[in-house]
Amino acid sequence: MTVIVLSGPVGAGKSSLTAILSKYLGTKPFYESVDDNPVLPLFYKDPLKYTYLLQLFFLNTRFHSIKKALSDDNNVLDRSIYEDSLFFHMNADIGRANDLEVQTYEELLENMMKELERMPKRHPDLLVHINVSYETMIRRIQKRGRSYEQLSFDPTLEDYYKRMLRYYEKWYDDYDYSPKMMIDGDHYDFMASESDRTEVLDQITQKLKQVGKLPKNWQAGEIARKAIEIGQ
Ligand SMILES: Nc1ncnc2c1ncn2[C@@H]1O[C@H](COP(=O)(O)OP(=O)(O)O)[C@@H](O)[C@H]1O
Ligand SMILES: Nc1nc2c(ncn2[C@H]2C[C@H](O)[C@@H](COP(=O)(O)O)O2)c(=O)[nH]1
């Protein structure tokens, strides 16, 4: 039984790969709360006002998902609680949260992480990080088309996204809750290219094998082949 978490900046391809990978492995996908998130559009309109509320919203939904994923124990998560602090500190560093908010957030997160230590399975089995350049990130954000994430909606998002990429570099280096691996999101078009999809799924399967976490009795059957053929 295996819990895999995907990580990466906005538009890296986490949701897309979550769908493909969960189908391939025959496990359950957990998606981040985005389209049903009432705070997200408000945040992009007025970040100063909504940073704290948005973070609490995400932290709460991520805590719920990771607890469920760690107890069901056979899942792929599209982003997880481990990236929560990256986002909050990045926003706090540009003046969108005050010291008291930072301190309260840190205490809350610490309490939640301690709760996870009590789960039968305490951490994921593998982190799959999708690395992308700024150019790829912007292209994919445009392709997906959420209006409030576009540079045309707010030109200061260029700095925000570039900062995000820098924070992710350090975050990935420091991450040590589980084995980890990086996918080259610039190089592999796992949406349009079947051979790229095969290559990426192969890299993940090899890593799972290496860390002894390939789901028991798993072999690429009919459903897995379909996941490769049609993408999801
Ligand atoms: N490796 C890839 N190659 C080409 N397009 C991709 C790739 N990954 C994602 N996309 C496209 O980029 C957009 C953003 O992908 P998505 O999975 O929603 O990213 P995330 O969940 O990381 O924000 C979508 O339109 C998706 O089809
Ligand atoms: N301020 C925060 N914003 C966040 C956080 N997690 C996600 N997000 C934003 C970024 C995107 O606009 C959107 C969905 O993210 P994807 O990477 O899945 O496209 O939500 C957060 O913790 N804080």
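The values are calculated or read from the model by the stated rules, or taken from the named source; none is laboratory data. Keep in mind it's a predicted model, so treat the numbers as computed, not measured. Ideal geometry is used to build each Cβ from the backbone, glycine not excepted, and the neighbour counts take in all protein chains shown. What goes into the accessible areas is simple: the full protein's heavy atoms, side chains included, and nothing from ligands, DNA or RNA. Shrake-Rupley method; radii C 1.70, N 1.55, O 1.52, S 1.80 Å.
General observations
- Folded to 0 to 90 degrees: helix 157-174 orientation relative to the chain principal axis, Cα: 60
- Among Gly95, Val132, Thr61 - extreme Cα towards positive end, dipole of region 2-228, charges at beta-carbon: Thr61
- Most fluctuating residue given options His187, His89, His123, as computed from a GNM of the chain linking Cα atoms under 10 Å: His187
- Remark: region 1-90 carries a charge dipole of roughly 20 debye about the Cα centre, counting +1 on each Lys and Arg Cβ and -1 on each Asp and Glu Cβ.
- Cα centroid separation - region 163-217 against region 116-154, whole Å: 13
- Gap separating the Cα centres of region 64-86 and region 2-32, nearest whole Å: 11
- Once divided by 2.2 N^0.38 Å, the Cα radius of gyration of region 1-68 becomes 1.26.
- Positive-pole candidate from Thr156, Thr27, Tyr188, dipole of the chain, charges at beta carbon: Thr27
- Helical runs (DSSP H, four residues minimum) scored at -39500 (n - 2.57) apiece and divided by the length of the chain put the mean residue ellipticity at 222 nm at -18000 deg cm²/dmol.
- Additional length obtainable on full extension of the chain from Gln103 to Leu151, 0.36 nm per residue less Cα span: 14.1 nm
- Cα-centre dipole for the chain with unit charges at Cβ (Lys and Arg positive, Asp and Glu negative), debye to 20: 660
- With every protein chain in place, region 2-228: carbon and sulfur % of accessible area (1.4 Å): 50
- With contacts taken as Cα pairs under 8 Å at a separation of at least 6 residues, the chain carries a relative contact order of 32 percent.
- Candidates Ile138, Ile204, Ile94, ranked by Gaussian network fluctuation over the chain, Cα under 10 Å, top entry: Ile94
- Out-of-range pairs (alpha-carbon distance over 19 Å; input Lys23/Lys213; Lys45/Lys170; Lys170/Lys209; Lys23/Lys180; Lys14/Lys45; Lys14/Lys209): Lys45/Lys170; Lys170/Lys209; Lys23/Lys180; Lys14/Lys45; Lys14/Lys209
- Qualifying trypsin sites (Lys or Arg not before Pro) in region 129-232, DSSP loop, other Cβ atoms within 10 Å at most 14: Lys216
- Cα gyration tensor shape for region 2-228, rounded if a/c is under 1.5, else prolate or oblate: oblate
- Per-pair calculated FRET efficiency, R0 = 30 Å: Glu135 and Lys28 via Cβ, rounded to 0.05: 0.35
- Excluding ligands, DNA and RNA, the accessible surface per residue across region 119-165 is 50 Å² with a 1.4 Å probe.
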